[in-house]
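The block underneath contains the structure these notes are about, expressed in structure tokens.
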Amino acid sequence: MNYRLNAVKTVSKRRIYETLLSPEFYLLQAAGLLLGYFLVKGFTLSIDSSGFNPELSSLYSRIAGTLSGIFGNAFVDKLFSEGPFIFSFLISFAPVSIYLAMSSVFRFGLEKNVGAIELLTYGPMDGTTYFLAFMVKDALLTVIYSSILTIFFLLAAAVYNLFLGPMYFVFILMFFFLTLSLYSYGIFASVLMDNPASSIILFSAIFIFFTLIQIGSFTITHGYIRNFQLCLNGLYSGYLPIFIGI
Amino acid sequence: MKAIKTALFVSALIFLFVTQVPADVPVRKEQVVYTIVAYNGRDYSHTFCREDTDTVYLIANIESFIILKKTFVYFWPLTKHWNMDLETLNKTFKGLIEIKGKGRGEFKKLNPVKYTYYNVQDEYEDNWRVAKGEDAYREVEKWKVMYQEYLQQVVDYRNKYEEYRKTYYELMNKMENLRESGEDVIEILHVIESLEQPAEPSMPDHYTVPPASVNEAFIFDLPAGEYLIRFILEDGTVLQGSEKKVVVFEKRRAKGVGFEVIPGDRWTRPVENKIKFSIVYVDGTTDLYIRPFFQDEYNDLYYNKMMMNDGGGNKRMYNWERMQQVPQAKILLMDQGDRKEFLLEKPYMVEQVKGSSLGYKIVPFNPQDLNGDKRPGLRAFHVPLKGDGRVIKISVNDKNGIGLAGSERQIRIVKQSKIEKTLFIFVILPFVALFVVLGMRTKRYRKSSLRK
């Protein structure tokens with residue numbers, strides 16, 4: 001067991017080091033923080049004498065209108081009941097989580113293609129150790145960026161007198177497990193395919209499919225579409241980690 | 001040039017025809033529909049189930065009324081809802097409804113019942129009553145008698161007022177004549193001042209909503225579950241298009257507490273805050289007037305469709321629905337300075353702002369002054385937002401002084417801050433980190449190159 005842990009630690013350190021050296025990681029973090037800033041600022045501009053009124057801000061009138069149309073007013077009320085932070089976190093985190101997943105998928109596929117994995121598995125590692133190293137790298141960077149976002153939102157809450165409450169922290173915890181399932185499906189896609197491009201395409205297809213299904217299960221549908229959706233829910237609800245996570 | 005002329009000519013022709021096209025008239029279809037008068041927890045809502053929708057939604061263990069009719073149905077694009085044209089066609093059927101639990105048992109028969117419903121005046125809203133059979137006729141008769149008495153009082157008042165006016169002007173003319181002739185008018189002035197203007201009669205206040213005329217309907221009072229219904233005509237056959245599913249749902253949670261938030265500058269646009277422990281964000285420009293209410297939690301889709309059968313909702317979400325105001329409540333207010341204060345419900349009047357500026361202001365109601373002959377327009381709890389405090393916590397105690405669970409809320413005043421630009425520093429930090437990392441990498445690369 002010790003050698004496995006040592007191998008996981010060594011490889012994941014290497015992976016983290018490489019990610020921290022890549023400019024894209026920082027660019028996407030900055031993009032995420034900028035999105036978060038505009039979303040929080042837009043929320044404060046949507047406050048009037050009676051409360052949150054999305055019509056006051058063009059950004060939030062579009063956001064609230066779109067979300068209400070797809071998921072209903074009850075969903076929007078609950079999403080913004082404590083403030084803008086849950087929605088802002090989702091939007092701010094999206095670029096980085098997709099980057100982390102895609103970079104793991106691409107790297108895995110590349111190393112598989114050039115035979116590096118075979119070399120490693122004949123030597124100090126086995127398959128499990130290799131997968132775990134990727135997962136540890138993605139999980140750790142997720143925790144780091146979540147912490148950065150949380151600190152940023154705490155500052156924003158202090159500046160604007162907003163409230164970062166228990167709903168937000170519970171959501172982050174659930175979101176962490178959701179991203180783990182996302183990364184594991186990325187590794188699964190890499191294992192199935194021979195080259196990095198195919199792995200990315202397969203992973204993108206899985207991600208889009210599950211996201212649409214998950215969004216679809218919350219949307220307002222009518223008549224026969226709703227019946228079809230109920231059947232689909234019954235089929236996949238047992239084994240989809242995203243579905244279980246949410 | 002010829003092509004341009006042709007294009008212009010064709011465009012003119014098209015324009016001519018387009019302007020001649022008459023406005024769209026909604027297409028009306030004759031359908032057999034179930035009209036539904038359903039109790040929604042606080043009053044009765046009216047909707048109907050068309051032929052092409054297959055489900056009726058009702059709340060469990062509450063009396064709701066269903067009638068089968070033949071009428072015209074049309075889609076109204078402005079409201080994006082279906083409507084009935086009962087003025088053109090409104091035919092009811094004679095027969096009974098058969099009902100059975102979905103997938104179990106046999107059909108049971110339901111006979112139509114005469115009924116009426118009304119709301120009785122009390123301190124708060126929820127006093128709906130249903131009267132059936134002979135009681136329904138008695139209740140409607142009672143209202144008619146009250147209303148007739150009121151009308152008679154109005155006639156008597158008008159006659160007395162006319163007499164009063166006549167006497168008043170006669171005395172005024174007499175006083176004018178006496179004054180012109182130089183005689184003493186004090187006595188006649190006393191007589192004028194002692195004249196008493198007759199009091200205008202007020203509408204009977206026993207009912208807030210008087211009983212509707214007696215109708216005949218099928219009364220549904222079912223436990224939660226799914227049922228199948230069909231209409232059996234007098235000849236024993238099933239009326240085509242009358243088979244429907246009935247979804248009877250119950251509340252998931254009850255006795256939650258929500259707040260109606262009325263800003264002092266826009267009292268016509270109150271906002272409801274229903275989610276437990278949610279935050280009320282305001283800009284602090286005006287005080288708030290709040291009214292706590294009890295609320296029950298229902299499935300979003302089922303409740304919306306019970307209110308309006310062609311509405312929509314999210315089947316996976318639950319929504320709190322307002323029921324009735326919390327009676328004789330007290331609100332505990334705590335601000336940032338740990339100051340605690342109990343707020344009491346008080347009556348207020350809404351006055352139009354005098355002068356050129358438009359709008360209303362809310363003022364305390366004083367029965368002693370000129371407003372004495374009017375009722376208060378608002379009974380609420382006044383939450384002042386002035387001062388330095390930016391966070392105010394409120395919770396509701398019932399009439400016995402016991403705190404109501406789930407009634408805690410925070411009111412936070414959100415103001416644009418001068419230091420908000422400092423948040424940009426955080427956005428720039430990743431770039432700073434990037435430059436540092438790139439610098440370190442370049443330095444290491446140079447060192448290792450030099451060693452080589």
Please work out if residue A:14 is at pLDDT below 90 and either assigned to a helix (DSSP H, G or I) or out of contact with any strand residue (DSSP E or B) (no Cβ under 6 Å at 6 or more places or on another chain) (or both).
-> yes
Do we find that residue B:315 is in contact with a helix residue (DSSP H, G or I) (Cβ under 6 Å, 6 or more places away or on another chain) and open to solvent by 50 Å² or more (accessible area, probe 1.4 Å) in this structure?
-> yes
The helices (runs of 4 or more DSSP H) lying wholly within region A:96-198 that contain at least 2 residues that are under 30 Å from residue B:276 (Cβ atoms), away from every other protein chain (no Cβ under 14 Å) and open to solvent by 20 Å² or more (accessible area, probe 1.4 Å) are A:166-192
Would region B:222-237 turn up any residue that is free of Cβ contacts under 8 Å to residues at least 12 places away in the same chain and either open to solvent by less than 40 Å² (accessible area, probe 1.4 Å) or within 25 Å of the chain's Cα centre (by Cα) (or both)?
-> no
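For region A:183-206, check the following and say yes or no: at least one residue is within 21 Å of residue A:88 (Cα to Cα) and either of a type in the set (Lys, Arg) or at pLDDT 80 or above (or both).
Checked against the condition, which is being within 21 Å of residue A:88 (Cα to Cα) and either of a type in the set (Lys, Arg) or at pLDDT 80 or above (or both), region A:183-206 yields no hits at all.
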Has region B:341-359 got at least one residue that is outside any strand (DSSP E or B), modelled with pLDDT of 85 or more and open to solvent by 100 Å² or more (accessible area, probe 1.4 Å)?
-> no
Heads up, the strands (runs of 3 or more DSSP E) in region B:64-154 (entirely inside) with at least 1 residues that are of a type outside the set (Ser, Thr, Tyr), open to solvent by less than 80 Å² (accessible area, probe 1.4 Å) and touching a helix residue (DSSP H, G or I) at 6+ places or on another chain (Cβ under 7 Å) are B:113-120, B:128-132
Tell me, yes or no, whether region B:196-212 has at least one residue that is in contact with a Leu (Cβ under 7 Å, 6 or more places away or on another chain) and outside any loop (DSSP other than H, G, I, E, B).
-> no
Which listed residue, of A:114, A:136, is more than 15 Å from the chain's Cα centre (by Cα), under 22 Å from residue A:29 (Cα atoms) and β-branched (Val, Ile, Thr) = A:136
Residues in region A:24-41: is at least one surrounded by 17 or more Cβ atoms within 10 Å (Cβ to Cβ), aromatic (Phe, Trp, Tyr), in a helix (DSSP H, G or I) and away from chain B (no Cβ under 11 Å)?
-> no
Collect the residues in region A:58-95 that are over 30 Å from residue B:304 (Cβ atoms) and surrounded by fewer than 16 Cβ atoms within 10 Å (Cβ to Cβ), keeping them in residue-number order.
-> A:94
Within region B:155-196, which residues are of a type in the set (Val, Ile, Thr) and open to solvent by less than 80 Å² (accessible area, probe 1.4 Å)?
-> B:155, B:167, B:185, B:188, B:191, B:192
Among (1) open to solvent by 50 Å² or more (accessible area, probe 1.4 Å); (2) of a type in the set (D, E, K, R); (3) closer than 30 Å to residue B:268 by Cβ, which single condition is residue A:48 missing?
-> (1)
Can you name the number of the only condition in (1) away from chain B (no Cβ under 14 Å); (2) loosely packed, with under 14 Cβ neighbours inside 10 Å; (3) in contact with a Ser or Thr (Cβ under 8 Å, 6 or more places away or on another chain) that residue A:55 fails?
-> (1)
Keeping to region B:396-423, report how many residues are within 7 Å of another protein chain (Cβ to nearest Cβ) and either part of a helix (DSSP H, G or I) or acidic (Asp, Glu) (or both).
-> 3
Note on residue B:273: of the conditions (1) open to solvent by less than 50 Å² (accessible area, probe 1.4 Å); (2) at pLDDT 90 or above; (3) over 21 Å from residue A:72 (Cβ atoms), unmet is (3)
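The values are calculated or read from the model by the stated rules, or taken from the named source; none is laboratory data. This one's a predicted model, so the numbers in the text were calculated from it and none came from an experiment. Neighbour counts are summed over all protein chains in view; Cβ atoms, including those assigned to glycine, are modelled from backbone coordinates with ideal geometry. Just so you know, the surface numbers come from the protein's heavy atoms only, side chains and all, with ligands and any DNA or RNA stripped out. Shrake-Rupley method; radii C 1.70, N 1.55, O 1.52, S 1.80 Å.
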